[in-house]
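Here, each number is a calculation from the coordinates, and none is a lab measurement. Owing to the predicted nature of the structure, the values given are computational and were not obtained by experimental measurement. Don't worry about glycine lacking a Cβ; one is built from the backbone with ideal geometry, like all the others, and counts go over all protein chains shown.
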Amino acid sequence: MKSLVTHRLFWPVVALIALIAINTATRPSFLSVTMRDGQLYGSIIDILRNSAPLMLVALGMTLVIATRGIDLSVGATMAVSGAVALTIIDASPTPHEPSVVALAIVVAVLVSLVLGTWNGFLVSVLGIQPIIATLVLMLAGRGIALLITDGFITTVNSDPYKFMAQGYILGFPFAFYVSIVAIAVVVLVERRTALGVLTEAVGINPKASHLAGVRSRGIVWGAYIASGAMAGIAGILYSSNIMAADANAAGLYIELYAILAVVLGGTSLMGGKFSIAGTVIGVFTIQTLISTITFLGVPPAASPVFMATAVIIVVLIQSRRVHRAVRSLIRSLRSLGGSAEGDDASARTAQAGSGSSGDESARDETKVTSR
Amino acid sequence: MVTEQQPAETEDRPIVEMHGITIRFPGVLALDDVDFVLRPGEVHSLMGENGAGKSTLIKALTGVYAIDSGSITVAGESRVFAGTADAQAAGISTVYQEVNLCANLSVGENVMLGHEPRNRRGIDWKVMHREATRHLEHLGLRIDPRSILSSHSIAIQQMVAISRAMVLDARVLILDEPTSSLDRGEVEQLFAVIRDLRDRGVAVLFVSHFLDQVYEISDRVTVLRNGKLIGEYLVKDLPRGELITKMIGRELDELDAISTKADRAIDRTATPVLRAKGIGRRGVLEPANVDVYDGEVVGIAGLLGSGRTELVRLIFGADRPDSGHVEVNGQPAKLTSPRHAIGKRIAFSSENRHEEGVVADLTVAENIVLGIQARRGWRRRIRRSEQQLVVDNYIKALDVRPADPDQLVGNLSGGNQQKVLLARWLATAPRLIVLDEPTRGIDVGAKADIQRKVAELSEQGLSAIFISSELEEVLRLAQRVIVMRDRRKIGELDSREVDLDGLIDYIAVGREGSAA
């Protein structure tokens, strides 16, 4: 029990379960899944489907954050990727041909790889601060997307492309499979090889890692390339969902949601140790929140405030300080209730309580200063 | 044991009395019923090996750790510290080894932080700088309070930290390893300040691994071992050998045993393992030659800033030389990055353990295999079984404590972190290992362990370059000593033909009249 509570994914999972519980309580049909024409329907299925772009972007973001970096350009990269794919399909006389769609997707992802490579070059070779380096593309990227689409919102009609975000296989949405494959690839590449631990080493102590012979430049560069590629695929899913390349709306604010998902999953913005499982949970938490807003019928004008409030509550649920405060509150309430034997005993328990919590805060402080 | 040796020199009432202090960490009894007394106007050294409980005792006194049992009395008043702020309010200030000030603020801002004089428009900068200047001059420091802190040497920064403590009106000043990155002149300056504070009635708690300094500055010494109090003594009544024995609990003839091992002939007709010719970099190091032969330990002696570290960093490729070239086993080698050097089986352990050595948030095991893993590349991960074999082997061979491969390295003491680093490099099976200050800031026992290992490995054919500020160590381990001064190699000595005083003279000669 104790080891369960101290597991670093315990509180992220609690937050997600609490969110699902609230949804189910207000709308009992939340958890129900029905089968229609061989396709599964239900709020949960929607969440699995709609979370795919954020999932991809957040996975890439996790790797970048682990290297002490940040990638603000993912939303813009999504816009570029969608613009490239749809422009190719639009230009083709046979937009329903799978080979045309395949070509469009491959080119769009390659372009995103180039954008990621550019970010990685700025950060790892030129040594520009990640937030500034990726800000360049964040601002320029949507302009590039507009240039590609000639300033229009390109719309196409292509069944294979539509399938990316809207198709189903074995009852589940295709986009969900894309998420699963992306998670699996990241887990395999990071944890089955030594890349994960080397990434963490670089994130925790870049100088020491360099002197130990770790290719820190390559690892940092690689993280941005991965992030770019992931954003590229996310851009395809997004544009497939609306069958249009909207340079201004595609992936808007997704960098912020992705960062939030990574942090909710327990990965520190200081870099170093990262948790892929944590990020997955973080993404589902955020997507569930977004769905909740729709389910509860929150008016559009109030939804950002609702979202912000919910995020604050989720963050508080995970905060160690809040845990401590709650624990000592419970203890003092308990000692108040059980003080029938006299003040003496309760005073002793209270003191013991404050003693141990002080101990914890001390360890927290040493952690902070050692950073 | 304690009462028997209780010195009765000063009749002053103690400013700090700690009684029966016990602190338990998960699995460890860090302090076991320890008493500690600090009197006003004395410099009191706290001695013990790493892990003896010095830091824990200090942290109990500064409110960082809560005590499990025992009592703390400050100036006759019983205190319970719930945090560092409480300890500071009681007049207890600490200056840590790594200066914890704000490097990018000005000197004045640092000194007055939290006590800035105010006027209607906010901070009164004029008064603040005047006040700061006054406090600094109190310590004999004449520096511009508007200058940025990081533009000053570590020594000056430390003095700034002390003046900051004085602004807080400290009656107790704790100096934790203040001298570990200072050169001789700076230590003198610091000691002058400490003596001055002592004469003004401040109680100074001094922690240092330098025995010389402990004997020079302190009046009294308290010895801890394995979390237990061994005793309190007057420094003048306690010979060094006895102090060391009390600290480590065994006779330390081992260090002398090491020295005999260095007395062996090195075949210098063969091709050297490493030959650096005219290696240098403008403004950093004048071109220098270094040869290291099979199984030889080459020491580098010189003061801090003499170019010792710069020389080995250029050889290793951590910094780029702009002149000269390097041969490894007679073959020209281009060492432009640590990876190249490691590929040629050269290992380099930096003097800066925290920033360039350990990866604090990774485990002991991950830190040890980091070097091998980096060489293999990320695709071929070291299998768990293989990792366990390597790690267990080195933990045992170097006596890393606690012997727990899954412990985070950041939680280990300095000496044990150093052993983990040594293990990381030895695991890569180097031909040549470069050790820059491997024994700095660590306890006598760990020092002996590390030196013994280096001597043992060099006998088996490993070559080494050994840098240390402690010249005895250099002479004990090395067959040949390269002497550096003012970023220049000034000579090479055979360690059999020179003694400690000779070496000091050699380093000092020509130091523009100020030779000590």
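So here's what we get for this one:
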item: Solvent-free Debye scattering, log10 I(q)/I(0), computed from the Cα coordinates of region B:403-468 at q = 0.11, 0.13, 0.15, 0.27 Å⁻¹; result: -0.25, -0.35, -0.47, -1.30
item: Taking all pairs of distinct alpha-carbon atoms in region A:141-252, Kirkwood radius in angstrom; result: 16.6
item: Crossing angle, helix B:384-398 versus chain B [Cα axis fit, 0-90 degrees, rounded to tens]; result: 70
item: √(5λ) per eigenvalue of the Cα gyration tensor, region A:1-57, largest first, Å; result: 27, 16, 10
item: Averaged over B:344-357, number of beta-carbon atoms from partner chains that fall within 10 Å; result: 3
item: Cα pair distances exceeding 25 angstrom across region B:318-469, given as percent; result: 27
item: Where N is the number of residues in the protein assembly as shown, Cα Rg divided by 2.2 N^0.38 Å; result: 1.09
item: Backbone HN-Hα couplings from phi across region B:343-356 [Karplus 6.51/-1.76/1.60, Hz, Gly and Pro as x]; result: x, 8, 6, 10, 10, 9, 9, 6, 6, 9, 4, 6, 8, 10
item: Among A:11, B:409, B:95 the positive-end extreme of the charge dipole of the protein assembly as shown (Cβ point charges); result: A:11
item: With at most 14 neighbouring Cβ atoms within 10 Å, loop chymotrypsin sites (Phe, Trp or Tyr not before Pro) (DSSP) excluded, longest segment of chain A; result: A:1-151
item: Pairs beyond 28 Å (Cα-Cα), from B:334/B:453; B:344/B:453; B:277/B:344; A:207/B:344; result: B:334/B:453
item: Cα Rg, Dmax, chain A, angstrom units; result: 23.5, 89
item: Inter-site label distance for residue B:146 and residue A:114 at 7 Å from Cα along Cβ, in nm; result: 5.2
item: Partners for residue B:396 among aspartates and glutamates (Cα-Cα distance below 18 Å; same-chain residues under 8 apart left out); result: B:366, B:386, B:404, B:406, B:449, B:456
item: Length-normalised contact order for chain A - Cα pairs under 8 Å, 6+ apart - percent; result: 28
item: Rounded to the nearest 20 debye, dipole of region B:52-175 from Cβ charges on Lys, Arg, Asp, Glu; result: 300
item: Distance (nanometres) between label positions extended 7 Å along Cα→Cβ at residue A:309 and residue A:25; result: 1.5
item: Once exposed loop GluC sites (Glu not before Pro) are cut out (DSSP; at most 12 other Cβ, 10 Å), longest piece of chain B; result: B:252-511
item: Pairwise FRET efficiency - residue A:249 versus residue A:177, Cβ, R0 = 25 Å, nearest 0.05; result: 0.50
item: Folded to 0 to 90 degrees: helix B:364-376 orientation relative to chain B principal axis, Cα; result: 30
item: Semi-axes of the equivalent ellipsoid for chain B, Cα gyration tensor, largest first, Å; result: 40, 28, 24
item: Label-point separation, residue B:82 to residue A:321 (7 Å along Cα→Cβ), nm; result: 1.5
item: Charge sum, other residues only, whose C-beta stays under 15 Å from residue A:155's C-beta, Lys/Arg counted +1 and Asp/Glu -1; result: -3
item: Estimated FRET transfer efficiency (residue B:121, residue A:94; beta-carbon r; R0 60 Å; 0.05); result: 0.25
item: With Cα atoms, 0 to 90° folded angle of helix B:414-427 axis to chain B main axis; result: 10
item: Reachable lysines, given that their alpha-carbon falls under 22 Å from the alpha-carbon of residue B:54 and they are not under 8 places away in the same chain; result: A:367, B:228, B:236, B:246, B:419, B:447
item: Selection from B:158, B:104, B:231 lying farthest towards where the dipole of region B:102-255 points positive, charges on Cβ; result: B:104
item: Spherically averaged projected area in nm², based on the convex hull that wraps the Cα atoms of region B:95-213; result: 7.1
item: Calculated P(r) of region B:383-430 - Cα pairs past 16 Å, %; result: 32
item: In region B:431-512, the trypsin sites (Lys or Arg not before Pro) that fall in loop regions by DSSP, at most 12 other Cβ within 10 Å; result: B:511
item: Assigned charges on the beta-carbon of Lys, Arg, Asp, Glu; region A:38-302 dipole about Cα centre (debye); result: 800
item: Amide proton proximity set for residue B:433, modelled H, under 5 Å, gap of 5+; result: B:347, B:463, B:464, B:465
